[in-house]
Amino acid sequence: MATGVAGPLPCPPPGRRADRFAVKAVRATVELQQKPTFSQNLLTRFNKTEFENLSETNIMRKRLLTEGAKELSYEIREIVKKANQLKALGLKIHWENIGDPIQKHCQVPEWIKEIVSDLAKNNDSYSYCPSKGLLKTREFIANETNKLGGVQITPEDILFFNGLGDAISTIYSQLSMTTRIIGPSPAYSTHSSAEAAHAHSSPLVYHLRPENHWLPDLEELENKVKYNPNVAGILILNPDNPTGMVYPLEYLEKMVKIAKDYKLCIICDEIYSKITYNGAHAHPLATYIGDVPGISMNGISKQYPWPGARCGWVEYYNRDKDPEFDAFCRAIDNAKMIEVCSTTIPQLTIPMILGDPRYPVHRQALNERIGRRSALINEILSDVPELYFNPTYGAFYNTIVFKPGVLNNRQSLPIEDPKIRSLVEKWTENVPSLDYRFVYYLLAATGVCVVPISSFCSELQGFRITLLEEDEDELRLVFTKIRDAIKAYVASAN
Ligand SMILES: Cc1ncc(COP(=O)(O)O)c(C=O)c1O
């Protein structure tokens, strides 16, 4: 029996209309066959194995999902679904899961609100902006970077996004599938998930060591780079989320040296670059990258803070040094162009706010408050013997790690409400890692909502907290609850 048609239809002879010719050609071909069934036709038009992979019960004729989709998860918001179930049962939730200063009652100063509201009254503010972002804003940022005295850029080296989250997913999506960016573990999961999803594989990591102030294991990094020719770049988060570590210059310089020796680029997420305290300073990538190709990422979500603005940008460094890197940057620009552009009003505010003499004063005051909270948390949690605890110096998170062997699957916390107890027992039946069990019990017993550290691309057992609570009494209450819960949980089944 004849099988269906495969391959292109013949070209129409000169002077014949293509559409009519095509219809006739199809009719003739079908008549030549003994009327194949619908599924036989499908089998010839689609890759056979793909077709066979679909079960009889599938409605869709084609698999929709990419292999990489299983890498996409964001526990920072997943945990909210569980907390909301408990809230509906009457439990008061203390939100320690998300890095949103506004949600934790940080007040945006009036002068910033006035700038935003004046812009909102101007009709021009409502238009699209150029795909790369507003020229005036890019000029302002290029000038700020050039003033640092390191690598020099022009406004053409800057591209705006709808939040840095948008930049992160766009950048990894433009990488060839076998090309890998090695990143830290633990890691802010938007990076590790997007990189892993693009590669259809698990994330490739170098470890930040809690027993060494969360500094990176550079020997491991170099070995992984050396023996894996697919690694094309190193990701650095400075200051780091989720650990609150700020890189010493000597570490950054060694990482750039590795990049230079093995012909890699550097991607550096600097969204917390203006948020340091306890005497720390975050060295900007522009000042130590030398002639290595690199991308710096930044945004206003944390700097103002205005996370709801969805406004971030990238700066390309040394694109003239390597044509492959330059082509990659152009592809990222084109990906944004296809999308049209990013949000206009937040970009308009940048020179007006970051260029205002009141801005550094405002940021300094916020940083001092974060530093004080960091000290208070140290006071409460630093001498629990079952934990690795490191003081923080930047961003507004801390990662608290249980020492090896401390957690087991028999530990629990007393919960009076039977409905809440039965929910948590169900959740802990099948957890991906023991720190989820602790986090669920902590949530159900105390209402404190933190995020398991194993969800940050890490084999460590622990949890991430934020340093954002503006109300000092509430802060003290929450962290005392956490400390007491750790002690009770560990003691419940040693
Ligand atoms: C390290 C890091 N990069 C990027 C982002 C995303 O920022 P945006 O709000 O600009 O999407 C965050 C948000 O928490 C972050 O912590």
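The values are calculated or read from the model by the stated rules, or taken from the named source; none is laboratory data. Only a predicted model underlies this, so the values are computations on that prediction, with no experimental measurement involved. Positions of Cβ are generated from backbone atoms using ideal geometry, with glycine treated the same way; all protein chains shown enter the neighbour counts.
Suppose we filter ARG476, ARG437 for residues that are surrounded by fewer than 17 Cβ atoms within 10 Å (Cβ to Cβ) and in a helix (DSSP H, G or I); which single one remains? Lay out the reasoning, then the answer.
Values: ARG437 fails: surrounded by fewer than 17 Cβ atoms within 10 Å (Cβ to Cβ).
Exactly one of ARG476, ARG437 is surrounded by fewer than 17 Cβ atoms within 10 Å (Cβ to Cβ) and in a helix (DSSP H, G or I), namely ARG476.
Could you say which residue among GLU31, GLU52 is at pLDDT below 50 and acidic (Asp, Glu)? Step through it out loud before you land on a result.
Numbers: GLU52 fails: at pLDDT below 50.
Only one candidate qualifies: GLU31.
Return yes or no: is ASN378 more than 17 Å from GLU110 (Cα to Cα), more than 26 Å from the chain's Cα centre (by Cα) and not hydroxyl-bearing (Ser, Thr, Tyr)? Taking the combined requirement at face value, the residue satisfies it.
Of all residues in the stretch 63-114, those being of a type in the set (Phe, Trp, Tyr) and within 26 Å of GLY462 (Cβ to Cβ) number 2. In the condition set (1) surrounded by fewer than 17 Cβ atoms within 10 Å (Cβ to Cβ); (2) among the aliphatic types (A, V, I, L, M); (3) in contact (Cβ under 8 Å) with a residue 24 or more places away in the chain, VAL431 is compliant with all but (3).
Does SER412 satisfy being in a loop (DSSP other than H, G, I, E, B), over 28 Å from the mean Cα position of the chain (by Cα) and at negative phi?
Working: in a loop (DSSP other than H, G, I, E, B): yes; over 28 Å from the mean Cα position of the chain (by Cα): yes; at negative phi: yes.
Judged against the criteria, SER412 is a match.
Considering SER433, SER455, SER422, the condition of being of a type in the set (Ser, Thr, Tyr) and over 28 Å from GLU211 (Cβ atoms) is satisfied by SER422 alone.
For (1) under 26 Å from GLY99 (Cβ atoms); (2) within 16 Å of the ligand (Cβ to nearest atom); (3) assigned to a helix (DSSP H, G or I); (4) among the polar types (S, T, N, Q), each residue gets a yes or a no:
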position: PHE325; (1), (2), (3), (4): no, no, yes, no
position: SER342; (1), (2), (3), (4): yes, yes, no, yes
position: ILE345; (1), (2), (3), (4): yes, yes, yes, no
position: GLU379; (1), (2), (3), (4): yes, no, yes, no
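State whether one or more residues within the stretch 477-489 are among the β-branched types (Val, Ile, Thr) and at pLDDT below 95. No, the stretch 477-489 contains no residue that is among the β-branched types (Val, Ile, Thr) and at pLDDT below 95. Taking the condition within 12 Å of the ligand (Cβ to nearest atom), in contact with a strand residue (DSSP E or B) (Cβ under 9 Å, 6 or more places away or on another chain) and part of a loop (DSSP other than H, G, I, E, B), does ALA167 pass? So ALA167 fails the test.
Conditions (1) crowded, with 20+ Cβ neighbours inside 10 Å; (2) assigned to a helix (DSSP H, G or I); (3) among the hydrophobic types (A, V, I, L, M, F, W, C), marked per residue:
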position	(1), (2), (3)
LYS336	yes, yes, no
VAL361	no, yes, yes
ALA365	no, yes, yes
ASP383	no, no, no
THR399	yes, no, no
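Restricting attention to the stretch 439-489, the residues that are in contact with a helix residue (DSSP H, G or I) (Cβ under 9 Å, 6 or more places away or on another chain) and farther than 20 Å from ALA395 by Cα total 21.
Here is the figure for the stretch 93-114: residues that are surrounded by fewer than 17 Cβ atoms within 10 Å (Cβ to Cβ) and either among the hydroxyl-bearing types (Ser, Thr, Tyr) or in a helix (DSSP H, G or I) (or both) total 4. Determine whether the stretch 219-226 contains at least one residue that is in the same structural domain as ASN298 (by TED's automatic domain parsing) and outside any helix (DSSP H, G or I). No, that holds for no residue. Annotation: of all residues in the stretch 261-274 being among the hydrophobic types (A, V, I, L, M, F, W, C) and touching a Gly at 6+ places or on another chain (Cβ under 6 Å), the one that is nearest to GLU195 (Cα to Cα) is ILE267. Selection of the stretch 143-176 for residues being under 22 Å from GLY290 (Cα atoms) and either of a type in the set (Ser, Thr, Tyr) or free of Cβ contacts under 8 Å to residues at least 24 places away in the same chain (or both) yields ASN143, THR145, ASN146, LYS147, GLN152, THR154, PRO155. Tally the residues that are within 17 Å of GLY394 (Cβ to Cβ), aliphatic (A, V, I, L, M) and within 17 Å of the chain's Cα centre (by Cα), restricting the search to the stretch 209-244. Selection size over the stretch 209-244: 3. Exactly one residue out of ILE182, ILE236 is assigned to a strand (DSSP E or B), within 12 Å of the ligand (Cβ to nearest atom) and without any contact (Cβ under 8 Å) to a residue 60 or more places away in the chain, and it is ILE236. For the stretch 185-205, the candidate set comprises residues that are in a loop (DSSP other than H, G, I, E, B) and buried (at least 23 other Cβ atoms within 10 Å of the Cβ); within that set, the residue that is farthest from the ligand (Cβ to nearest atom) is PRO203. The numbered conditions (1) part of a loop (DSSP other than H, G, I, E, B); (2) away from the ligand (no atom under 15 Å from the Cβ); (3) not aliphatic (A, V, I, L, M) are all true for GLY133 except (2).
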